[in-house]
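First the structure, in the form of C-alpha cells, and then the observations on it.
The values are calculated or read from the model by the stated rules, or taken from the named source; none is laboratory data. Everything numeric here is computed off the predicted structure, so don't read it as measured data. In this analysis, Cβ positions are derived from the backbone assuming ideal geometry, glycine residues included, and neighbour counts consider all displayed protein chains.
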Amino acid sequence: MFIKRADNKFNEPWRWILGFIAIFLGCQLFGGIPFLIAIIAEEFTVNGNMNGIMNADESYLMNVLSNNTTFFYLMLTFVIGTVVWWLWVKYVHQLSWTQATTSRGSFDWKRAFTAFAVVGAFSVVTTYAGYQLSPDDFEWNYQADKFWILVVIAVLMVPIQTTWEELFFRSYMMQGLGLMSNTRWLPFILTSVIFGMMHVFNPEVAKMGYTIMFWYVGTGFLLGLFTLMDEGTELAIGFHAANNLFIAILVTADWTAFQTDSLLLDVSDPEVGIMTFVPLLTYYPALILFFAWRFKWSNWSQKLFGPVDLEAVTTEDEFELK
C-alpha cells in the first residue's frame, strides 16, 4: 500500500529516473557548496591563498574548520538536499508529504518517536557498558563550550540528515522502483544494497576493511523491512535519527565519519571480528520482533516480496489511519 500510494498520472519512469539523479546531486553536489565556500574563505583568512587546498585530500579539508563548524556544514548539505527532495516530489510528481512518506492518513509521529526512543536507549546503554567494561579504549572528552554547541547542532540538524537518507532511499527510491517494476522485492533489495554501498567511502571502511560493508548493507535491509512491513517510513526515520544523533554526541574517533566534540573519544585500534557482527545478528532481529509485536505485522511474504497491485484507483479514504 505504501508503494502504491505514489501512483498517480505523474509517475512516468522518466520522472523517477531524473528524480534519482536530481535529488542525489541536489544534496551531494549543490548541498556541499556552502561547505566549500567556508573552507576557501578560511584558507584565504589564514594563509592569504588557496594553495593549501588545491591538492588537498579529504582529511585535510575536514580539518580546515573547527569540528563543530565542519559538522554544521556537513549537516547543512542534507538540509539543502531535503529541500530539493521536497520540491521534486511536490512539483514533478504532485505528491504530498503524507503520500510520499506513509500509507496512513497522516505521518505517524508516535511511531517515529517510538523507534527513536528504543534505539536511543540502546545507544546510551551500550556506550555506557562499553566505557565501563573497557575504560582504556576511551578518553573523556567533555569540553562544555564545545559540547553544548555540538548538542544544539546535532539535535537540530542530524534528524534532517538522516531523514534525507530515508526520504531518498526508503521513500523516493522505494516507491519509484516499486511502481516501475510492479514489485516489492526489487526495491527492497536494490534500495538496501545501494544504501549500504553508498557508505563505501566512509573512513570506517578504510580503517576496518570492506567486511564492515555487511553492517551497512544489513542496516539497509533492516530499514527497508521496516518500511515495507509497517507501510511507511516512520520507523526507519526514527531509527536512523536516533542512531546518528547519539553517535555524534556520545562517542567519536579519528577514523569515523563524524568528527565531533563528543563526550568520549574512542582510542582503541578497531578490527573486524565476530563481535563486530553480534549486534547485526542479535540487536536487529530483536528490533524486528519487537516492532512486529508492537504494530501487529502480518502477511510478511506479500509485503516484502509480492507484486504491487496498480489496477484499482486509490483514494485518500483507502489509507487507514493507525
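The lone criterion from (1) assigned to a helix (DSSP H, G or I); (2) out of contact with any strand residue (DSSP E or B) (no Cβ under 6 Å at 6 or more places or on another chain) left unmet by TYR131 is number (2). Reported count of residues in segment 198-217, each being in a helix (DSSP H, G or I) and under 13 Å from the mean Cα position of the chain (by Cα), is 2.
Name the residues in segment 93-127 that are hydroxyl-bearing (Ser, Thr, Tyr) and in contact with an Asp or Glu (Cβ under 7 Å, 6 or more places away or on another chain), would you?
First pass over segment 93-127, keeping only residues hydroxyl-bearing (Ser, Thr, Tyr): 96, 98, 101-103, 106, 114, 123, 126-127.
Answer for segment 93-127, where residues must be hydroxyl-bearing (Ser, Thr, Tyr) and in contact with an Asp or Glu (Cβ under 7 Å, 6 or more places away or on another chain): THR102, SER103.
Scanning segment 258-282 for residues that are assigned to a loop (DSSP other than H, G, I, E, B) and under 30 Å from TRP148 (Cα atoms) gives PHE258, GLN259, THR260, ASP261, SER262, LEU263, VAL267, SER268, ASP269, PRO270.
Annotation note: Cβ proximity below 6 Å between a residue of segment 145-158 that is more than 19 Å from PHE78 (Cα to Cα) and a residue that is outside any helix (DSSP H, G or I) and of a type in the set (D, E, K, R) (sequence gap 6+ or interchain) occurs for LYS146/ASP261; PHE147/ASP261. Just one of ASN11, ASN68 is in contact (Cβ under 8 Å) with a residue 60 or more places away in the chain, closer than 30 Å to GLY176 by Cα, crowded, with 16+ Cβ neighbours inside 10 Å and touching a helix residue (DSSP H, G or I) at 6+ places or on another chain (Cβ under 6 Å); which is it? The unique qualifying residue is ASN11.
Does GLY105 meet the test of being surrounded by fewer than 19 Cβ atoms within 10 Å (Cβ to Cβ), among the small types (Gly, Ala, Ser), more than 17 Å from the chain's Cα centre (by Cα) and outside any helix (DSSP H, G or I)? Yes, satisfied.
Whether a residue is surrounded by fewer than 22 Cβ atoms within 10 Å (Cβ to Cβ), assigned to a helix (DSSP H, G or I) and of a type outside the set (D, E, K, R) was assessed, and MET174 does not pass this test.
The residue of segment 265-279 that is nearest to PHE226 (Cα to Cα), among those that are touching a helix residue (DSSP H, G or I) at 6+ places or on another chain (Cβ under 6 Å) and surrounded by 15 or more Cβ atoms within 10 Å (Cβ to Cβ), is VAL272. In segment 228-257, of all residues being of a type in the set (Gly, Ala, Ser) and outside any helix (DSSP H, G or I), the one that is nearest to the chain's Cα centre (by Cα) corresponds to ALA257.
When we screen PHE226, PHE305, PHE291, PHE214 for residues that are crowded, with 20+ Cβ neighbours inside 10 Å and under 20 Å from ILE194 (Cβ atoms), the only hit is PHE226.
Tell me yes or no: at least one residue of segment 198-216 is of a type in the set (Gly, Ala, Ser) and either over 30 Å from ALA144 (Cβ atoms) or free of Cβ contacts under 8 Å to residues at least 12 places away in the same chain (or both). Spell out the reasoning first.
Of the residues in segment 198-216, the ones of a type in the set (Gly, Ala, Ser) are 206, 209.
Then drop every residue that is not either over 30 Å from ALA144 (Cβ atoms) or free of Cβ contacts under 8 Å to residues at least 12 places away in the same chain (or both), which leaves 206, 209.
Yes - at least one qualifying residue is present in segment 198-216.
LEU74 - would you say it is at pLDDT 80 or above, touching a Phe, Trp or Tyr at 6+ places or on another chain (Cβ under 8 Å) and part of a loop (DSSP other than H, G, I, E, B)?
Numbers: at pLDDT 80 or above: yes; touching a Phe, Trp or Tyr at 6+ places or on another chain (Cβ under 8 Å): yes; part of a loop (DSSP other than H, G, I, E, B): no.
The answer is no for LEU74.
Here is a yes/no grid of residues against (1) modelled with pLDDT under 95; (2) surrounded by fewer than 16 Cβ atoms within 10 Å (Cβ to Cβ); (3) in contact with a Ser or Thr (Cβ under 7 Å, 6 or more places away or on another chain):
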{"position": "ILE80", "(1), (2), (3)": "no, no, no"}
{"position": "LYS90", "(1), (2), (3)": "no, yes, no"}
{"position": "TRP97", "(1), (2), (3)": "no, yes, no"}
{"position": "ALA112", "(1), (2), (3)": "no, no, no"}
{"position": "VAL118", "(1), (2), (3)": "no, no, no"}
{"position": "SER134", "(1), (2), (3)": "yes, yes, no"}
{"position": "ILE149", "(1), (2), (3)": "no, no, no"}
{"position": "VAL158", "(1), (2), (3)": "no, no, no"}
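Can you find a residue in segment 40-47 that is buried (at least 16 other Cβ atoms within 10 Å of the Cβ), in contact with a Gly (Cβ under 7 Å, 6 or more places away or on another chain) and in a helix (DSSP H, G or I)? Within segment 40-47 (the criterion being buried (at least 16 other Cβ atoms within 10 Å of the Cβ), in contact with a Gly (Cβ under 7 Å, 6 or more places away or on another chain) and in a helix (DSSP H, G or I)), the answer is yes, since at least one residue qualifies.
Here are some residues: SER262, SER268, SER298. Which one is among the hydroxyl-bearing types (Ser, Thr, Tyr) and free of Cβ contacts under 8 Å to residues at least 12 places away in the same chain?
Answer to the check: SER298.
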